[in-house]
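Student: Before we start, here is the structure in question, set down as structure tokens.
The values are calculated or read from the model by the stated rules, or taken from the named source; none is laboratory data. All values reported here derive from a predicted model rather than from experimental measurement. Using ideal geometry, Cβ is built from the backbone for each residue, glycine included, and neighbour counts are taken over all protein chains shown. Remember, those area values only see protein heavy atoms, side chains included, never the ligands or the DNA or RNA. Shrake-Rupley method; radii C 1.70, N 1.55, O 1.52, S 1.80 Å.
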Amino acid sequence: MAQAWRCSGLRWSASGPVLAWDGGRHSALTWGKRVAFAVAEGGARTCVGARGHACPLGAVVPGRGTGARCEECARLDRAHSVAADTLADDPRPYHVYLAWFGPGMVKVGITGVARGPARLLEQGAVCFSWLGTGPLMAARRTEELLRAALRVPDRVPYADKRAVRAVLPGTEGERAAELAELHGRAVALAGWPESLDREAFRPVDQVGMFGLAGAPAAFGEVGELVPGGVVSGELVAAAGPDLHLATERGVVVLDTRFLPGWGLVPAEDRGFDVPVKALKALKTPGGAGKGTGVQDGLF
């Protein structure tokens with residue numbers, strides 16, 4: 001029987017995307033690399049636990065979910081997180097940022113200064129700029145100020161991000177234009193916390209890092225993984241948690257958040273065979289390995 005692997009998620013390094021596996025192994029992903037695996041027959045997707053601990057119930061979780069945790073473990077994992085606003089006394093400095101995903105798709109957010117651009121890579125931000133730096137609660141208040149005064153959201157749905165990637169403006173200047181205008185309006189607002197330092201507009205374009213320049217457009221996305229299903233394709237681009245895979249049917253987007261919780265095995269030269277759904281319709285915005293036994297990696 002082939003060795004089953006368990007993926008713990010996609011990570012971004014300075015050189016590109018990396019799949020992490022339980023046990024500490026990693027698979028670096030480069031353009032043109034064949035990504036191929038099958039979901040173990042007869043298995044179920046099980047909760048990955050929380051904060052380094054296994055799920056006490058061994059709960060089964062839905063194949064279509066992106067969280068891979070049962071309700072209780074999801075609650076425990078979120079506790080004491082920045083997102084849950086339970087770390088008000090965190091002494092570390094934070095960035096406030098503006099991120100652009102495509103025309104009309106801008107969000108505001110915060111991330112630890114020590115993380116650098118990792119959070120923006122994880123979200124698939126096509127272009128971003130720091131807006132300010134300061135203590136956590138000052139950064140949080142600035143985020144709320146922009147949401148209220150400029151109606152800038154703090155979330156952009158992944159379905160919208162995927163829909164717009166094929167029609168991004170062709171130059172860095174065009175991609176940064178909307179951010180530049182919003183950055184200027186943001187720093188001109190009254191009511192900024194005194195402890196948060198404004199930062200000059202310095203756009204960072206990540207199209208090259210994601211491999212999106214000249215990449216073929218995707219026609220669909222994996223809807224879910226199922227026991228016995230196969231994913232097989234050549235990596236042509238990646239953004240956030242998404243891998244863009246060239247298959248015999250065309251380019252399909254795989255959200256790697258579907259992977260944790262499943263046992264994965266070599267694909268044995270089988271073709272792509274998991275449910276695929278069409279990408280969300282774009283709206284005009286207003287304003288590989290083979291073989292059995294022990295392996296060093298799945299692919």
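Student: Might you report the magnitude of the Cβ-based charge dipole of segment 174-268 about its Cα centre, with Lys and Arg at +1 and Asp and Glu at -1, to the nearest 20 debye?
Tutor: 100 debye
Student: May I ask for the distance between the Cα centers of segment 201-219 and segment 102-161, given as a whole number of Å?
Tutor: 18 Å
Student: Write out the cysteines belonging to the chain for which the nearest other cysteine Cβ is not under 4.7 Å, or none if no such cysteine exists.
Tutor: Here CYS7, CYS73, CYS127 come out as lacking a disulfide-compatible partner, given the Cβ-Cβ threshold of under 4.7 Å.
Student: Taking a probe of 1.4 Å, how large is the accessible area per residue of segment 83-218, in Å²?
Tutor: 45 Å²
Student: Among PHE201, ALA176, ALA114, whose Cα projects farthest towards the positive end of the dipole of segment 83-204, with charges put on the beta-carbon of Lys, Arg (+1) and Asp, Glu (-1)?
Tutor: ALA176
Student: While we're here: Using a 1.4 Å probe, how large is the accessible area of THR111, given in Å² and rounded to the nearest 10?
Tutor: Taking all protein chains as shown, THR111 has close to 10 Å².
Student: Here's another thing I want to ask about it. Ranked from the most accessible area to the least, with a 1.4 Å probe and all protein chains present, what is the order of LYS277, LYS107?
Tutor: Per-residue accessible area, sorted high to low, gives LYS277, LYS107.
Student: Looking only at Cα atoms, what is the convex hull volume of segment 4-150 per residue, in Å³?
Tutor: Dividing the Cα hull volume of segment 4-150 by its residue count gives 164 Å³.
Student: Let's see if you can work this out: charge +1 on each Lys and Arg Cβ, -1 on each Asp and Glu Cβ, no other charges. What is the dipole magnitude of the chain about its Cα centre, in debye to the nearest 20?
Tutor: Using Cβ point charges on Lys, Arg, Asp and Glu, the chain gives about 200 debye.
Student: Further, regarding this structure: Please state, to two decimals, what the Cα-based radius of gyration of the chain comes to when divided by 2.2 N^0.38 Å (N = residues).
Tutor: So the chain has a normalised radius of gyration of 1.05.
Student: Let me have the 222 nm mean residue ellipticity of the chain computed from DSSP H runs of 4+ only, each contributing -39500 (n - 2.57), with the sum over all residues rounded to the nearest 500.
Tutor: -5500 deg cm²/dmol
Student: Taking a quarter of the surface of the Cα convex hull of segment 1-74, what do you get in nm²?
Tutor: With the hull built on Cα positions only, its mean projection is 6.4 nm².
Student: For the chain, what is the number of Lys pairs with C-alpha distance below 30 angstrom, counting only pairs 8 or more positions apart or on separate chains?
Tutor: 12
Student: Roughly speaking, to the nearest percent, how much of segment 136-202's 1.4 Å accessible area is carbon and sulfur?
Tutor: The computed percentage sits at 50.
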